[in-house]
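Enquirer: To start, I am sharing the structure in question, which I have written as structure tokens.
The values are calculated or read from the model by the stated rules, or taken from the named source; none is laboratory data. Since the model is a prediction, treat every value here as computed from it, not as a measurement. Backbone-built Cβ (ideal geometry, glycine too); neighbour counts: all protein chains shown.
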Amino acid sequence: MSENNNSNKSSSKNKDEGFIKGVSKEANDFVHNTVDTSGKILKSITGEGGLIGKTIDSSGNIVKKASEKGSEAIGKTVDTSSKAFKNIKDKTFNKKK
């Protein structure tokens, strides 16, 4: 039940953030979870330590950072676009006579 409650909190938070930012965050979380899971699977086969384990960690970190940067860029683009649209809308429809 706790998991369902967390899901509802996440869902309402995404509604506050907006559709695009919410989808971007969910995609970022999906990438992180996939990288972590695949890393655990590969390490269980090859072993925790050693060169292969360190390579798995390093490549996973690179993928995660790239995903985070992409998500941040989307968030900033959405914020900038929203502000520009609001500014244009206010200037267009709220002209004082």
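Enquirer: Could we say that T92 is closer than 24 Å to G22 by Cβ and assigned to a helix (DSSP H, G or I) here?
Expert: For T92, the condition - closer than 24 Å to G22 by Cβ and assigned to a helix (DSSP H, G or I) - is not met.
Enquirer: Then there's this: How many of the residues in region 35-79 are among the β-branched types (V, I, T) and touching a Leu at 6+ places or on another chain (Cβ under 9 Å)?
Expert: 2
Enquirer: Among the listed residues A84, A66, A73, identify the single one that is under 27 Å from K21 (Cβ atoms), surrounded by 10 or more Cβ atoms within 10 Å (Cβ to Cβ), at pLDDT 90 or above and over 17 Å from the mean Cα position of the chain (by Cα).
Expert: A84
Enquirer: Also, quick follow-up: Need pairs with beta-carbon distance below 7 Å; first residue surrounded by fewer than 10 Cβ atoms within 10 Å (Cβ to Cβ) and within region 38-49, second aliphatic (A, V, I, L, M); sequence gap 6+ or separate chains.
Expert: none
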